[in-house]
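First the structure, in the form of structure tokens, and then the observations on it.
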Amino acid sequence: MISAFFIFNQKGEVLISRLFRQDLKRSISDVFRIQVISNPDVRSPIITLGSTSFFHVRINNVYVVGVTKCNASAALVFEFLYRFITISRSYFSKLDEESVKNNFVLIYELLDEIIDFGFPQNSEIDTLKMYITTESIKSEMAVREDSSKITIQATGATSWRRSDVKYRKNEAFVDVIETVNLLMSKEGAVLRADVDGQILMRAYLSGTPECKFGLNDKLVLQKRGNEGTKSDDAVELDDCQFHQCVRLGKFDSDRSISFIPPDGEFELMRYRSTSNINLPFRLQTHVTEPSKSRVEYTIHLKANFDSKLNANNVVLRIPTPLNTTGVQAKVGVGKAKYVPGENMIVWKIPRLQGAQECTLTAEADLAATTHRQAWSRPPIQVDFSVVMFTASGLLVRFLKVFEKSGYQSVKWVRYLSKANGSYQIRF
Amino acid sequence: MADAKLFTRGKAQELRDELRGANDKRDKGFLRKKTALKKIVANMTMGNDMSPLFPDVVQCMQIQVLEIKKMVYLYLVNYGRLRPEEVTSAIGGFLSDCADRNPLIRGLAIRTMSSIPLPPIVKALIDPLRHALQDQDPYVRKTAAIAVAKLYASEPGRKVVEREGFVGMLRDLLADHNPTVVANCVAALVEISERGDDIVLKLNGNVAGKLVAALGECSEWGQIYILDSLLSFVPQTHLEAEQLAERISVRLQHANSAVVLTTIKVVLYLMNYMEDEVLMRVLERKMGPPLVTLLSSGSEVQYVGLRNILLIIQRRPAILQNEVKVFFCKYNDPIYVKLAKLEIMYRLTREENVSEVLAELKEYASEVDVDFVRKAVRSIGRLAIKISSSSDQCIQTLLNLMSTKISYVVQEAIVVIKDIFRRYPNQYESIIATLCENLNVLDEPEAKSAMIWILGQYSDRIENSDELLEDFAFTFKEEPAEVQLALLTAVVKLFIRRPTAAQELLPKVLKLATEEAENPDLRDRGFMYWRLLTSNPTAARDIVLSDKPVISTETDRMDKGMLDQLLLQTGTLGSIYHKNPNTFIRTAKARYLPDSPALNSSSKRHLITPSGVSSTSIRSPPSLPARPISSIPTDTESPISPNGGSSDPYGQLSDLEFVNGGGAGYQTDIPRPRGADEDLLF
């Protein structure tokens, strides 16, 4: 298991150093600095030297690193590092050098609780916040007075939820967020189009509520035999994965999603869908290189969804050759600007209505070069977010909440489809 | 909290004064003490030696403020080892905390003490630890379970654990009603059995069943520990294996990728003991989607997933067989993800999807990263050999790429085209002229040898082959052995085919090889050709121009037995490097698929046991060169792989190891541990 945990800044200075096992010394951190931080060409998140392996994740301006001396589970180490990042965000909103320095004592306290001898332990934020807080006085009180409640919570079967949650108004918010992945060839053929979905829930519910959740999916998950036909608007999910709180046994037997939610915000499930994806944007590109010193672009964008809906923050990143000296771009909607540092024309459209179309025409002037390799034409990226639209067609059918006190609860559902570097069109 | 201002280097002496100075009554809520301790912790972090402050920090143990206590404990864990004489002064404080009425404090004390493996501390810990293992609070018990494993890791602790029967107590705790306690016990027992020579964890069906029952209530980490321990259960009947696999397969839907991969590891392990083909197909179908889902995770986990997928699809090709598209590279994937995807794409390509894959590979060949481009080009050549119906398309693509005149693309293409010539004799020789146009860009030994091989092999069809070979021979002495050997053989071929053309060149090269070369292989080969040509020219012709064995990709996978063994490492470092952990980690033990009456015949046939391979199977050597570079240009060694296990030069390409350092700079991106022989001295 994990022998040591470090956080480094970009200069390679140690911000946090915790050794869990005696098989390492603190000076091992120098090896990481030399091999990874000072190395301009790091080609793997895992580096093994002798029997020592370094696992690192870069986030903002810090490196979060786990070190092992055994044949550790690589998946576990990275999941732990990810979890540490999530917990840090929850405690001090952003994990970077400044926040680590501001909270180093708290981080040590957290580490002591979430990992023991390199074995990750309870890492449920809700439970941790019962007794590890940014205000030491509060932690002190909690530990003194509620210790047995905390220990039962931290080791029990529903370690993610306290039993004494109370709200005056019981509400649950469900956010269905889909990241659309698209790879389209030069010829306009869809090489891949799929959706990574996330269902986030913010549960503000009293007591110990039993929830049942239903979607318009036909779960194609290796069904044995066919279970009769379902309605036509049913969505095929290729796979889904659930938060710790969902009863997987129940899902396996009758495909129902039932759970006792953690208090507050959490990711209830993740899913993938690959069939019948509604692509929210269509792009027609015409890019020519009429001479060695010029590239001409005509990019035509169409919002391919209902005209009642709107897309926000649409950004197209259109690559230009490395030797571009300047670009003249004309657009009907939004603003287009050449960003020399990134070799791109960035076309920003703050708001675009469904079914709307718009066009960019541009000319890039190229510097003369003696030996010019063919321009490799990286794909155009489209970033966007479209509210109340799911590219997979997924809808929430119901969310039922049962609590023994029998209170009424209000539920809200929102949908969002977005892309952030994942919507790529070759040209 | 803005503690950043405390995160500055200070002198031990000043910090000591600050800590002592904080000792007056006016220090309300010990605020000044806290600040001083925080500065000490910060300096400790920065690597500033704070151990001289030991006595002063131990003094603070008496303050009943949790935050201070935690900092003091952290300090003790860090410096206790360095101050064995003074650490005894802390024992009193520890013991009173071990008996605190607050379970969190009891847990904290046990956790801290067990992290300082010095004889006096270990001795003092015996009684509290025994109590803690039976504590009424689960938090204390779960901490105590790990503490036993901690003790066992140190020399003094190990003796105590054995003498006091702590392992037995852990075993009893497996029946605890609290899932977290059970999970930590399992983790501790697995750890101990991996360290100890005489303690082996063995689970029977009954215990395994109970552990699985606890899975549903465990934290995600606890699930991993329990799932991992199931490898210590050896099914005695097919039914046992089948039932267990079905029960744990629900874990494939868990959000934590380590839970998913560990589940896959156990299911794959259990499949060796199954006979029900239908169920095995069902399980294979269940494993596919979660594996693909790993690709939606962070890049690091994607990488772990991809390296594992590459192993898994070799053993169980039905998983993911229709999924090649999800492995297409995104432009902004990190390089390690791209390279891992490329391998999988090659393996999943079949006649039906080869056009799509080729179009992708061609696209990749125009990207920026040199290694990635090279591997993309190489993959095109491998596909030509794997799928004969696609060879025309592949050749066309390669020629297109060569027209870019990018040096490394051209060289890579020539290397693979040579193999395509071997695979499909008399089909593509018309392109030789195109290849010859690129002679001047060749500067890598592998590409040079490939070109030289082509020149020798087709010396009768290439009009000026004698001149071209002579050009190469001009720098004979400066070339690496690989090129020299190729050149020698090529010149001999030229002589046999067109004796007059090589009349001057042959004696010159033979003389260089036999008289001036330092390399014994080269010398020996030179002498052999020389004698062969002088004693029996007919035999020379038969031998040198003999039919070459056909290259194919029928045995495209690693040996099944090895795969079964490697798959026991699913999700671990061993699965990243495709190596058994004992070969690169000093303390790791080898793991073998255990034999049992339930082991199915297919797995049994390839079974690798600690004493070697079962008699029925012939194992190919683990590090068979991916590309028999030296054997191709030499022609005198007839079979491609010496043991006949695999007749395919690409057969072992699972990790693209080009063993004799063929392509310049290739080694860098094959994931592998470095310097496995010596350990880091830190």
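Every number here is computed from the coordinates shown, using simple stated rules; none is lab data. These numbers come from a predicted model, not from an experiment. Neighbour counts run over all protein chains shown; Cβ positions are idealised from the backbone, glycine included.
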Expected vector for segment A:39-46, Karplus 3J(HN,Hα) from phi with 6.51, -1.76, 1.60 and θ = phi - 60°, integer Hz, x for Gly and Pro, equals 9, x, 10, 8, 10, 7, x, 10
Applied in sequence order to segment A:53-67, the curve 6.51 cos²θ - 1.76 cosθ + 1.60 (Karplus, θ = phi - 60°) yields integer Hz couplings, x standing for Gly and Pro, of 10, 10, 10, 10, 10, 9, 9, 6, 10, 10, 10, 9, 10, x, 10
Here, B:ARG9 and B:GLU351, labelled 7 Å along Cα→Cβ, have an inter-label distance in nm of 7.0
Rounded to 0.05, the calculated FRET efficiency for the beta carbons of B:ASP198 and A:ARG397 at R₀ = 56 Å is 0.45
Expressed as a whole-number percentage, the relative contact order of segment B:554-613 with C-alpha contacts under 8 angstrom and at least six residues apart is 34
The set of residues whose placed amide H lies less than 5 Å from the amide H of B:PHE233, leaving out same-chain residues fewer than 5 positions away, is B:LEU203
Helix A:136-155: inclination vs chain A longest Cα principal axis, degrees, rounded to 10, gives 90
Among GluC sites (Glu not before Pro) in segment B:67-125, those in a DSSP loop whose Cβ has at most 14 other Cβ atoms within 10 Å are B:GLU85, B:GLU86
Cβ-Cβ cut-off under 9 Å around B:LEU6, Lys and Arg +1, Asp and Glu -1: the net charge is +3
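Would you mind estimating how fast the protein assembly as shown diffuses translationally, via Stokes-Einstein at 4 °C and 1.567 mPa s with the Kirkwood radius over Cα pairs, in µm²/s?
Values: Rh = 32.6 Å.
The diffusion coefficient I find is 40 µm²/s.
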In degrees, nearest 10, the alpha-carbon axis of helix A:104-114 is tilted away from the dominant principal axis of the alpha carbons of chain A by 70
Counting only DSSP loop positions in segment A:289-344, the trypsin sites (Lys or Arg not before Pro) whose Cβ has at most 15 other Cβ atoms within 10 Å are A:LYS292, A:LYS308
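Can you give the convex hull volume of the alpha carbon atoms of segment B:1-160 per residue, in Å³?
On the way: hull volume 18.8 nm³, N = 160.
Measuring per residue, one finds 118 Å³ for the Cα hull of segment B:1-160.
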Spelling it out for A:GLY12: with amide H atoms placed in the peptide plane at 1.01 Å from N, the residues 5 or more places away or on another chain with amide H under 5 Å from its amide H are none
Taking a crude spin-label model, label points 7 Å out from Cα along the C-beta direction, the A:LYS166 to A:SER307 distance in nm is 5.4
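Using the number of other C-beta atoms within 10 angstrom as an exposure proxy, rank B:CYS98, A:CYS245 with the fewest first. Don't skip to the answer; put the middle values down first.
On the way: B:CYS98 24, A:CYS245 19.
Ranked by crowding around the Cβ, least crowded first: A:CYS245, B:CYS98.
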Quick calc, the protein assembly as shown, dipole around Cα centre from Cβ unit charges on Lys, Arg (+) and Asp, Glu (-), nearest 20 debye, gives 2800
Checked against the positive end of the charge dipole of chain B (+1 on Cβ of Lys and Arg, -1 on Cβ of Asp and Glu, about the Cα centre), the farthest of B:SER232, B:MET280, B:TYR269 is B:SER232
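Could you size up the charge dipole of chain B around its Cα centre, putting +1 on the beta carbon of Lys and Arg and -1 on that of Asp and Glu, and report it in debye to the nearest 20? Please report the intermediate quantities before stating the final value.
On the way: 82 positive and 86 negative charges, 510 e Å.
Using Cβ point charges on Lys, Arg, Asp and Glu, chain B gives about 2440 debye.
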Long-range amide H partners of A:GLU265, meaning residues 5 or more apart or on another chain whose placed amide H is closer than 5 Å, are A:ALA203
Helix B:31-45: inclination vs chain B longest Cα principal axis, degrees, rounded to 10, gives 20
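Contact order normalised by length for segment B:81-239, with contacts defined as Cα pairs under 8 Å and 6 or more residues apart; what percent is it?
Numbers: 194 pairs, mean separation 26.1, N = 159.
The value is 16 percent.
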From the Cα centre of segment B:351-425 to that of segment B:468-485, the distance in Å is 26
In segment B:533-604, taking the dipole from +1 charges on Lys and Arg beta carbons and -1 charges on Asp and Glu beta carbons about the Cα centre, the listed residue (B:MET558, B:PRO597, B:ASN582) farthest towards the positive end is B:ASN582
Whole-Å distance linking the alpha carbon centroid of segment A:152-180 with that of segment B:265-295 is 32
Chain A, convex hull of Cα, quarter of hull surface, nm² -> 26.7
Computed ³J(HN,Hα) along segment A:236-244: with the Karplus parameters 6.51/-1.76/1.60, θ = phi - 60°, integer Hz and x for glycine or proline, the list is 8, 9, 7, 6, 9, 9, 10, 4, 2
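Given the convex hull of the Cα atoms of segment A:277-318, what is a quarter of its surface area in nm²? Please list the in-between numbers first.
On the way: hull surface 15.9 nm².
For segment A:277-318, the mean projected area of the Cα convex hull comes to 4.0 nm².
Going by the alpha-carbon gyration tensor, a ≥ b ≥ c the square roots of its eigenvalues, is chain B rounded (a/c under 1.5) or, if a/c is not under 1.5, prolate (a/b greater than b/c) versus oblate? All intermediate terms of the calculation are to be shown ahead of the outcome.
Numbers: a/c = 2.58, a/b = 1.96, b/c = 1.32.
Judged from the Cα gyration tensor, chain B comes out prolate (a/c at least 1.5, a/b above b/c).
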Per the rule of 0.36 nm per residue minus the C-alpha distance, extending B:THR434 to B:ARG281 adds in nm 50.2 nm
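Taking 20 °C and 1.002 mPa s as the conditions, I'd like the Stokes-Einstein D for segment B:98-247 in µm²/s, using the Kirkwood hydrodynamic radius from alpha carbon pairs.
Details: Rh = 15.7 Å.
So the translational diffusion coefficient is about 136 µm²/s.
Roughly how big is segment B:554-613's charge dipole about its Cα centre, with Cβ charges of +1 (Lys, Arg) and -1 (Asp, Glu), in debye to the nearest 20? Display every interim value, and only then the final one.
Values: 8 positive and 5 negative charges, 49 e Å.
It works out to roughly 240 debye.
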Taking max minus min of the Cα coordinates of segment B:554-613 on each principal axis, largest first, gives extents in Å of 32, 29, 20
Quick calc, B:LEU31 & B:ILE126: beta-carbon distance into FRET formula, R0 22 Å, rounding 0.05, result 0.05
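Taking Cα pairs under 8 Å and at least six residues apart, what relative contact order does segment B:184-328 come out at, in percent?
Numbers: 124 pairs, mean separation 25.3, N = 145.
Relative contact order of segment B:184-328: 17 percent.
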On the formula 1/(1 + (r/R0)^6), with r taken between the Cβ atoms of B:SER389 and B:LYS210 and R0 of 60 Å, the FRET efficiency rounded to 0.05 is 0.65
The answer for GluC sites (Glu not before Pro) in segment A:152-194 that fall in a DSSP coil and have at most 12 neighbouring Cβ atoms within 10 Å is A:GLU187
Expected sort for A:LYS400, B:LYS386 with the fewest Cβ neighbours (10 Å cutoff) up front is A:LYS400, B:LYS386
Ordered by fewest other Cβ atoms within 10 Å, a rough proxy for footprinting exposure, B:VAL260, A:VAL246, B:VAL278 read B:VAL278, A:VAL246, B:VAL260
